[in-house]
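Visitor: The following block contains the structure, expressed as structure tokens.
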Amino acid sequence: MLRKNQVDIILTLDERVSSPTWVTAWEQSNDVLFLCSPIHPFAGRTDVLLQDVLKENLLLTEKGCNYRQVFEHDCDLRNLSIQSNLEIGSIGNILNFTKQNLGITFLPAVVAHKDLAEQTLSVFQIQDYSMLMLIQLVYRKDKWLSPAIQELIHLFFRINPVSMGKKL
């Protein structure tokens with residue numbers, strides 16, 4: 001949509017997106033965490049095998065979700081397949097079901113930080129596997145940024161588009 005000039009600015013959570021006609025105003029790495037209930041046997045472990053994770057009831061985002069696609073692709077490369085899953089359209093429901101020990105999941109750290117701080121969820125690590133995504137704020141070089149968009153960028157990301165070389 002940015003390429004087709006249908007939106008002025010995008011915020012992505014994905015692998016790096018770029019174009020010679022775009023400005024990346026801000027980016028930050030964000031781990032995709034493997035999460036379970038604090039009472040789940042995986043809670044706090046750092047040595048869980050990927051094949052053991054795939055035997056669990058996985059609470060997944062909808063098909064087409066970028067980090068789900070990465071995970072499924074990585075499993076395919078290892079000739080592994082998910083054995084049991086429940087596809088859920090709401091991240092809030094995924095978090096709630098995981099807290100209730102109805103399954104395990106993987107989600108960006110940015111959406112799980114509150115539950116981790118409250119210790120209603122636990123992180124576990126898969127042996128020899130991790131996933132990292134980028135949060136990026138991107139706009140077109142040739143696009144005028146309205147004062148409202150400039151203020152949004154400044155408020156949320158504490159950056160000034162003018163200082164990034166953007167002519168207004």
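Visitor: It is to be established whether one or more residues within segment 126-139 are in a strand (DSSP E or B) and either touching a Cys at 6+ places or on another chain (Cβ under 8 Å) or more than 19 Å from N66 (Cβ to Cβ) (or both).
Guide: Scanning segment 126-139 turns up at least one residue that is in a strand (DSSP E or B) and either touching a Cys at 6+ places or on another chain (Cβ under 8 Å) or more than 19 Å from N66 (Cβ to Cβ) (or both).
Visitor: Give segment 55-64 a look and list any residue that's open to solvent by 30 Å² or more (accessible area, probe 1.4 Å) and on the phi < 0 side of the Ramachandran plot, or say none.
Guide: K55, E56, N57, E62, K63
Visitor: So which residues in segment 79-110 are over 18 Å from the mean Cα position of the chain (by Cα) and among the aromatic types (F, W, Y), if there are any at all?
Guide: Within segment 79-110, just F97 meets the criteria.
Visitor: What pairs can you find where one residue is in segment 68-84 and open to solvent by less than 50 Å² (accessible area, probe 1.4 Å), the other is β-branched (V, I, T), and their Cβ atoms are less than 6 Å apart, with a gap of 6+ or different chains?
Guide: R68/T61
Visitor: Output the residue which, of all residues in segment 111-128 that are modelled with pLDDT under 95 and open to solvent by less than 70 Å² (accessible area, probe 1.4 Å), is nearest to the chain's Cα centre (by Cα).
Guide: That would be V111.
Visitor: Being open to solvent by 40 Å² or more (accessible area, probe 1.4 Å) and part of a loop (DSSP other than H, G, I, E, B) is the filter here; which residues of segment 36-54 pass it? Break it down stepwise before answering.
Guide: Let us first name the residues in segment 36-54 that are open to solvent by 40 Å² or more (accessible area, probe 1.4 Å), namely 38-39, 41, 44-47, 49, 51-52.
Across segment 36-54, the qualifying residues are P38, I39, P41, G44, R45, T46, D47, L49.
Visitor: When you scan segment 105-119, do you find a residue that is over 25 Å from T12 (Cα atoms) and not small (G, A, S), even just one?
Guide: Yes, segment 105-119 contains a residue that is over 25 Å from T12 (Cα atoms) and not small (G, A, S).
Visitor: On the basis of being surrounded by 14 or more Cβ atoms within 10 Å (Cβ to Cβ), at pLDDT 95 or above and part of a loop (DSSP other than H, G, I, E, B), does N96 make the cut?
Guide: So N96 does not fit the description; no.
Visitor: In segment 1-15, which residue that is in contact (Cβ under 8 Å) with a residue 12 or more places away in the chain and surrounded by fewer than 11 Cβ atoms within 10 Å (Cβ to Cβ) is farthest from W144 (Cα to Cα)?
Guide: If we take residues in segment 1-15 being in contact (Cβ under 8 Å) with a residue 12 or more places away in the chain and surrounded by fewer than 11 Cβ atoms within 10 Å (Cβ to Cβ), then R3 is farthest from W144 (Cα to Cα).
Visitor: Would you mind stating whether A117 is in contact with a Leu (Cβ under 8 Å, 6 or more places away or on another chain) and among the small types (G, A, S)?
Guide: So A117 fails the test.
Visitor: Out of segment 136-152, which residues are open to solvent by less than 70 Å² (accessible area, probe 1.4 Å) and either among the acidic types (D, E) or under 18 Å from K4 (Cα atoms) (or both)?
Guide: Those that are open to solvent by less than 70 Å² (accessible area, probe 1.4 Å) and either among the acidic types (D, E) or under 18 Å from K4 (Cα atoms) (or both): L137, V138, Y139, R140, K143, L145.
Visitor: If you take the residues of segment 24-35 that are closer than 14 Å to I135 by Cα and hydrophobic (A, V, I, L, M, F, W, C), which of them is most open to solvent (accessible area, probe 1.4 Å)? Reasoning before the result, please.
Guide: Residues of segment 24-35 that are closer than 14 Å to I135 by Cα, as a first pass: 24-32.
Narrowing further to those that are hydrophobic (A, V, I, L, M, F, W, C): 25-26, 32.
Working: A25: 12, W26: 59, V32: 8 Å².
This residue is W26.
Visitor: Residues being assigned to a loop (DSSP other than H, G, I, E, B) and at pLDDT 85 or above: count how many of those fall in segment 9-20. First the steps, then the outcome.
Guide: Just the residues of segment 9-20 that are assigned to a loop (DSSP other than H, G, I, E, B), to begin with: 15-20.
Subset that is at pLDDT 85 or above: 19-20.
Count: 2.
The values are calculated or read from the model by the stated rules, or taken from the named source; none is laboratory data. Computed from a prediction, not measured in an experiment: that's the story for all the values here. Positions of Cβ are generated from backbone atoms using ideal geometry, with glycine treated the same way; all protein chains shown enter the neighbour counts. Side chains are part of the model used for accessible areas, which takes the heavy atoms of the whole protein and leaves out ligands, DNA and RNA. Shrake-Rupley method; radii C 1.70, N 1.55, O 1.52, S 1.80 Å.
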